[in-house]
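The values are calculated or read from the model by the stated rules, or taken from the named source; none is laboratory data. Nothing here was measured: the structure is a model prediction, and the numbers come from that model. Neighbour counts are summed over all protein chains in view; Cβ atoms, including those assigned to glycine, are modelled from backbone coordinates with ideal geometry. Just so you know, the surface numbers come from the protein's heavy atoms only, side chains and all, with ligands and any DNA or RNA stripped out. Shrake-Rupley method; radii C 1.70, N 1.55, O 1.52, S 1.80 Å.
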Amino acid sequence: MIELLSEMFSYTFLVRAVIVGFLVSICASLLGVSLVLKRYSMIGDGLSHVGFGSLAIASALNLAPLAVSIPVVVAAAFILLRISENSKIKGDASIALMSTSAMAIGVIVISMTTGLTTDVCNYMFGSILAMSENDVYLSVVLSIIVLILFIVFYNKIFAVTFDENFSRATGVQAGIYNMLIALLTAITIVLGMRMMGALLISSLIIFPSLTSMRLCKTFKSVIICSVFVSVLCFFIGVIISYLYAAPTGASIVGINIIAFCAFSLASMIKNKKGGVL
Amino acid sequence: MAMISCQDISFAYESNIVLSAVNFDIEEGSYISILGENGSGKSTLIKGLLGLQKPIKGKINISETLKNSDIGYMPQTNAVQKDFPASVYEVVLSGRLNNLGIRPFYRKQDRENALSNMEFLNIIDIKDCCFRELSGGQQQRALLARALCAAHKLLILDEPSSGLDPLVSDDLYQLIKNINLKQKIAIVMVSHDIDRAVEYSDYILHLQNKQLFFGTAADYLKSDIGKIFMGGRK
Ligand SMILES: Nc1ncnc2c1ncn2[C@@H]1O[C@H](COP(=O)(O)OP(=O)(O)O)[C@@H](O)[C@H]1O
Ligand SMILES: [Mg+2]
């Protein structure tokens with residue numbers, strides 16, 4: 001095991017990927033709890049598609065991928081938040097519309113310019129090799145900012161997630177904190193997308209929180225448990241992907257599925273009467 | 001001057017008017033009970049007072065001395081999702097959030113206040129229990145404790161006793177009256193219990209998609225509406 005790890009970490013690209021992946025896994029699992037509970041999981045999925053479109057355009061124009069995607073996805077996050085807050089428009093349908101449109105535009109741009117290169121495949125399915133040194137620095141800085149903001153606003157995020165009306169009524173600026181959640185999610189998705197792939201990044205957000213909600217009963221314990229689940233699944237996934245040359249994103253999701261099943265089983269055993277999943 | 005003054009306000013859902021022409025004031029430290037049948041617009045009015053819903057007509061004047069962060073609120077239906085993971089303590093403590101301002105974390109006094117309100121409402125034993133696994137009455141008390149944590153000048157309660165058994169409900173009315181008298185916190189409470197409303201509150205607001213009555217409890221007893229609704233019981 002130790003030999004394997006030291007062998008893995010002798011590759012700088014792997015070290016970079018593991019550092020970024022580790023931080024992004026933490027961010028994703030923290031935000032995931034709030035997104036799942038607010039019924040905003042679709043936003044995460046929609047954003048990853050928008051992210052794919054913007055990465056495709058950036059690569060067609062030879063621009064820095066992160067520098068283009070982050071503002072585009074952040075803007076999309078605010079729009080999606082608006083849509084899902086405004087119940088008059090059919091929220092989920094509009095999100096689906098927007099995300100598939102972004103995906104389609106991305107595919108068109110790609111087929112007209114570079115064609116289906118490995119780069120493009122990597123955006124779809126993720127690759128651990130995708131990150132340049134500059135990307136790594138930016139990713140580390142941004143994910144640390146996301147972490148700090150989450151911790152600083154933890155109590156407020158809990159309150160607007162638990163009962164938005166009460167928060168508004170008692171003078172908490174719920175709208176601002178919703179936007180903060182959307183902003184942090186957008187950044188996390190763009191950062192994680194290179195490794196996980198546009199198709200799989202939202203699972204990094206959703207799985208750990210759903211998994212820990214099987215067993216944990218308080219908000220804080222769910223948050224802490226998700227972080228551990230997320231980080232553990234990430235490391236196991238990376239190792240498996242290295243050993244069997246499997247795609248990183250898919251391996252991580254695979255481990256997450258196993259963790260989810262294990263937690264579900266444990267919760268079923270714990271309260272034997274209810275076999276409800 | 002009144003803390004909140006409602007001038008001829010009306011509310012509608014998608015151009016469906018559910019409440020019209022409401023005129024009343026909430027004075028500092030006063031106790032107002034809102035009566036009316038189901039669907040008469042009580043909860044809608046409460047949401048209007050809290051700024052959660054805009055009136056389609058009229059004006060709600062809020063005095064400069066009353067900030068949203070002075071208001072405690074207990075919603076009628078607990079809109080909290082069935083599967084939300086949160087402990088009772090986490091829920092109650094979140095009522096102190098409006099005290100924090102820009103400070104990110106709770107202080108010792110916030111925690112103490114939350115604990116004392118939980119003690120007050122007899123839910124201190126279940127403070128680490130999962131909110132969603134409590135009985136209706138226990139959830140109700142947790143939400144009331146949260147409202148108490150948030151209330152500094154005004155406490156707005158939408159049918160707080162609906163999930164409670166009669167004995168607990170007696171305690172609740174007593175407790176709310178105490179808060180009103182001792183802490184000088186104004187109370188606006190939606191209630192179905194006309195007898196208790198008349199007994200405990202200063203003013204009665206009776207709604208039926210419009211304002212049927214607003215005035216002191218004593219005047220309500222003498223009024224025609226009051227007589228009809230009290231059913232000659234007193
Ligand atoms: N969100 C809503 N959308 C549409 N109609 C509503 C909504 N909430 C309440 N109503 C309607 O408004 C009327 C008043 O409701 P409400 O204020 O909840 O009454 P009460 O609290 O007195 O029982 C009812 O007819 C109800 O059907
Ligand atoms: Mg009501």
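Among the residues of B:147-155, the average count of other protein chain beta-carbon atoms within 10 Å of the residue beta-carbon is 1.
Projected label points at A:Leu5 and B:Asp195, each 7 Å from Cα along the beta carbon direction, are separated by 7.1 nanometres. Computed over protein heavy atoms with a 1.4 Å probe, the carbon and sulfur contribution to the accessible area of region A:2-276 reaches 72%. Taken about its Cα centre, chain A carries a charge dipole of roughly 1060 debye when the Cβ of each Lys and Arg holds +1 and the Cβ of each Asp and Glu holds -1. For the protein assembly as shown, the spread of Cα positions along the three principal axes, ordered from largest to smallest, is 87, 47, 40 Å. For region B:99-113, the Karplus equation 6.51 cos²θ - 1.76 cosθ + 1.60, evaluated at θ = phi - 60°, returns couplings of 7, 6, x, 8, 5, x, 10, 6, 9, 4, 5, 5, 5, 5, 4 Hz by residue, with Gly and Pro reported as x. Among the lysines of region A:2-276, pairs that are 8 or more positions apart or on different chains and have alpha carbons within less than 17 Å of each other number 7. Add -39500 (n - 2.57) for each DSSP H run of 4 or more in the protein assembly as shown, then divide by its residues: what number comes out at 222 nm, to the nearest 500 deg cm²/dmol? Here the helix-only value at 222 nm equals -19500 deg cm²/dmol.
Defining a contact as two alpha carbons under 8 Å apart and six or more residues distant in sequence, what relative contact order in percent does chain B show?
Details: 427 pairs, mean separation 65.4, N = 234.
For chain B, the relative contact order is 28 percent.
Please compute the net charge surrounding B:Leu167, taking Lys and Arg as +1 and Asp and Glu as -1 over other residues with Cβ under 15 Å from its Cβ. Cβ neighbours under 15 Å give a net charge of -2.
Taken one residue at a time, the phi angles of region A:71-86 give Karplus couplings (6.51, -1.76, 1.60, θ = phi - 60°) of x, 4, 6, 4, 4, 4, 4, 5, 5, 4, 4, 3, 4, 6, 7, 8 Hz. Gly and Pro are set to x. Interface residues of region B:92-120, defined as those losing at least 20 Å² of solvent-accessible heavy-atom surface relative to the isolated chain (probe radius 1.4 Å), are listed as B:Ser94, B:Leu97, B:Asn98, B:Pro104, B:Phe105, B:Tyr106. Pick out, from A:Leu30, A:Ser212, A:Ala104, the residue whose Cα sits farthest towards the positive end of the charge dipole of region A:2-276, with +1 on the Cβ of Lys and Arg and -1 on the Cβ of Asp and Glu. Farthest along the dipole direction, towards plus: A:Ser212. For chain A, modelled as a GNM whose springs connect Cα atoms under 10 angstrom apart, the maximal fluctuation among A:Ile151, A:Ile255, A:Ile223 occurs at A:Ile151.
Other residues lying with their Cβ under 15 Å from the Cβ of A:Thr218 contribute a combined charge of +1, Lys and Arg counting +1, Asp and Glu -1.
Roughly how crowded by other chains is peptide A:211-219, in terms of the mean Cβ count from those chains within 10 Å of each of its Cβ atoms?
On the way: counts 0, 1, 3, 0, 1, 2, 9, 11, 8.
Going residue by residue through A:211-219 and averaging, the value is 4.
Once A binds B, the 1.4 Å probe can no longer reach about 2600 Å² of accessible area, counting both sides.
Once the Cβ-Cβ distance of A:Ala67 and A:Asn165 is raised to the sixth power relative to R0 = 41 Å, the FRET efficiency obtained is 0.60.
Counted over the protein assembly as shown, the DSSP beta bridges are approximately 50% antiparallel. Select from B:Phe213, B:Phe120, B:Phe24 the residue whose mean-square fluctuation is largest in a Gaussian network model of chain B (Cα-Cα springs shorter than 10 Å). Judging by the Gaussian network model, the answer is B:Phe120. The charge dipole of the protein assembly as shown, taken about its Cα centre with unit charges on the Cβ atoms of Lys, Arg (+1), Asp and Glu (-1) only, comes to about 200 debye. Here's the list of lysines a cross-link from B:Lys227 could span, going by alpha-carbon distance under 19 Å and ignoring same-chain residues fewer than 8 apart: B:Lys210. Under a model in which nothing but the beta-carbon of Lys, Arg (+1) and Asp, Glu (-1) is charged, chain B shows a dipole of about 460 debye around its Cα centre. Among the trypsin sites (Lys or Arg not before Pro) in region A:23-104, those located in a DSSP loop and surrounded by at most 15 other Cβ atoms within 10 Å of their own Cβ are A:Arg39, A:Lys88, A:Lys90.
At a 1.4 Å probe radius, carbon and sulfur cover how many percent of the accessible area of region B:1-156?
48 percent
For region A:198-237, the solvent-accessible area works out to 33 Å² per residue, with a probe of 1.4 Å and every protein chain left in place.
Heavy-atom accessible surface of chain B, averaged per residue, reaches 45 Å², computed with a 1.4 Å probe.
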